[in-house]
Amino acid sequence: MMKEKAKNIKWFVFDVDGVLTDGKIIYDSEGRELKNFCVKDGLGIYLLYQAGINTAIITGRNSITVERRAKELHITEIIQGAKEKLPAYISFKEKYNIKDEEILFIGDDYIDLPILRRVGFPVSVPSAPDIVKRHCIYITKKEGGNGAVREVVELILDYQGKLEELIKKLYLI
């Protein structure tokens, strides 16, 4: 079932805190927000870019750091400040004329449930509440901010038959 659903995926959509980061927010002495992003996840997102799979962020918070990281990774769409994520998700789908079954979403908390319940490939991380995990078809082995995104990217690209060729092409092996 997972393999069949994976073949339809054309978009990866990410929450940020707890998915692309470890969920911790650090403020420096001047009140600026700092976030930790995993380099391995960044390479996974780069693989998606190279494979022609689009990416998006839908997050409830606003952060300059997120915007900067998303631009570095060629993330197609950045939606911040979405306190209610479902309306943002619906607008996003309409903007790009995509169907639920073409979307993989990785979320980790209650605010993500409305999207997780709609997408074709709902994913979460081990630290998510049980009710969130119950609505997912895949729970990563790695935690958010520590390789969870890369794990899912490799899974989907492998199911789509693209992973080995991408590695050969990009890394000349």
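The values are calculated or read from the model by the stated rules, or taken from the named source; none is laboratory data. Fair warning: this is a prediction, and the values are worked out from it, not measured in the lab. Every residue, glycine among them, receives a Cβ derived from its backbone with ideal geometry; neighbour counts consider all protein chains shown. Note: areas computed on protein heavy atoms with side chains; ligands, DNA, RNA excluded. Shrake-Rupley method; radii C 1.70, N 1.55, O 1.52, S 1.80 Å.
Yes/no matrix, rows are residues, columns are (1) farther than 22 Å from Met2 by Cβ; (2) in contact with a Leu (Cβ under 9 Å, 6 or more places away or on another chain); (3) at pLDDT below 95:
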| residue | (1), (2), (3) |
| --- | --- |
| Leu104 | no, no, no |
| Leu116 | no, no, no |
| Pro126 | no, no, no |
| Lys141 | no, no, no |
| Gly147 | no, no, no |
| Arg150 | no, yes, no |
| Lys168 | yes, no, yes |
| Tyr171 | yes, no, yes |
* Asked: Which ones in the range 137-173 are open to solvent by less than 50 Å² (accessible area, probe 1.4 Å) and assigned to a helix (DSSP H, G or I)?
  -> Ala148, Val149, Glu151, Val152, Val153, Leu155, Ile156, Leu157, Leu163, Leu166, Leu170
* Structure fact -> Only one of (1) part of a loop (DSSP other than H, G, I, E, B); (2) buried (at least 16 other Cβ atoms within 10 Å of the Cβ); (3) out of contact with any strand residue (DSSP E or B) (no Cβ under 8 Å at 6 or more places or on another chain) does not apply to Leu20, and that is (3)
* Which of the residues spanning the range 83-108 are closer than 23 Å to Ile137 by Cβ and not in a helix (DSSP H, G or I)? -> Ile98, Lys99, Ile103, Leu104, Phe105, Ile106, Gly107, Asp108
* To do: State yes or no: is Lys83 out of contact with any Leu (no Cβ under 9 Å at 6 or more places or on another chain) and under 26 Å from Pro114 (Cα atoms)?
  => yes
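Matching residues to (1) buried (at least 23 other Cβ atoms within 10 Å of the Cβ); (2) under 15 Å from Lys10 (Cα atoms); (3) of a type in the set (Gly, Ala, Ser):
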| site | (1), (2), (3) |
| --- | --- |
| Glu67 | no, no, no |
| Glu102 | no, yes, no |
| Phe105 | yes, yes, no |
| Val119 | yes, yes, no |
* Can we say Ala56 is under 12 Å from the mean Cα position of the chain (by Cα), within 26 Å of Ser127 (Cα to Cα) and assigned to a helix (DSSP H, G or I)? -> no
* Asked: Just checking, how many residues over the range 2-16 are open to solvent by less than 60 Å² (accessible area, probe 1.4 Å) and either in contact (Cβ under 8 Å) with a residue 60 or more places away in the chain or of a type in the set (Gly, Ala, Ser) (or both)?
  -> 8
* To do: Just need a number here: residues in the range 109-136 that are in contact (Cβ under 8 Å) with a residue 40 or more places away in the chain, part of a loop (DSSP other than H, G, I, E, B) and out of contact with any helix residue (DSSP H, G or I) (no Cβ under 6 Å at 6 or more places or on another chain).
  => 3
